[in-house]
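Peer 1: Quick one: the structure is below, questions incoming.
The values are calculated or read from the model by the stated rules, or taken from the named source; none is laboratory data. Everything numeric in this text was worked out from a predicted model, so none of it was measured. Cβ placement follows ideal geometry from the backbone for every residue including glycine, while neighbour counts extend to all protein chains displayed.
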């Protein structure tokens, strides 16, 4: 079922390399939520400019710090002169451009440094798109993540805390200090108590099947709780799919060495799977092919989206 949205909201639905960008329109001004991945930055600027239709982009707000949500921040700032607000928990990492804390170097991803002009704390309120929004803490996928809730309109901008069929990778359990599982459960339970008619996720189309989305998310969470190795397998599949979309191909003969060189893959394997490099690479390539995400072609792993 499609999700009817107020005319003051425009959702630029992207894909899995770049998160959605949500535009909240207020007369001659607009506020954006999230900005996509750095390799799509020029396209992000073009799409935002078209959607603004002459309006001024005055604010850009991030739900969390991952590369597919902050990668267009610098480009949008340069193009439109907007002020950037980030969750308070990531402000230090942004200010010093700590690529490990931002999961750029840890996952072999890229980003363009930007300046954060303000921070948002859980409980902060703001008006955008003619609506009153409250920032709510949503740890789990990112331990400092926020979601934005418009109670009067029963509308949630959920980032990667809730998708139509699940939620984002639990990085804290894969390469951090842990606690992602418990945090994700607390977040989902808290959000599930809210009156919500429509969710605008970080990836995928806005949806009104809210109860089913929570059922799917809790089912995935329970599977992770019962078998921790599923957390790692989910992370490995998701991150390598992302890298394939960014690069266009990966050589199969160098895949074992690549996985051993990148902290996320190496640590996920050490913590949960304990596979030899060749075995891990073979399993991961088979998993992406079986899922229809990739295919083998001339010694390379290629994303199916590229033909």
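Peer 1: Name the strands (runs of 3 or more DSSP E) wholly inside the range 1-68 in which the number of residues that are within 19 Å of residue 142 (Cα to Cα) and at pLDDT 95 or above is 1 or more.
Peer 2: 21-26, 29-33, 56-61
Peer 1: Tell me yes or no: at least one residue of the range 189-208 is free of Cβ contacts under 8 Å to residues at least 40 places away in the same chain, surrounded by 22 or more Cβ atoms within 10 Å (Cβ to Cβ) and more than 17 Å from the chain's Cα centre (by Cα).
Peer 2: So far as the range 189-208 goes, no, none of its residues is free of Cβ contacts under 8 Å to residues at least 40 places away in the same chain, surrounded by 22 or more Cβ atoms within 10 Å (Cβ to Cβ) and more than 17 Å from the chain's Cα centre (by Cα).
Peer 1: Here's a follow-up. Sort out which residues of the range 259-307 are exposed (fewer than 14 other Cβ atoms within 10 Å of the Cβ), touching a strand residue (DSSP E or B) at 6+ places or on another chain (Cβ under 8 Å) and not in a helix (DSSP H, G or I), and write them in order of number.
Peer 2: 296, 299
Peer 1: Which members of the range 59-96 meet the condition of being surrounded by fewer than 23 Cβ atoms within 10 Å (Cβ to Cβ) and more than 14 Å from residue 48 (Cα to Cα)?
Peer 2: Across the range 59-96, the qualifying residues are 83, 84, 85, 88, 89, 91, 92, 93, 95, 96.
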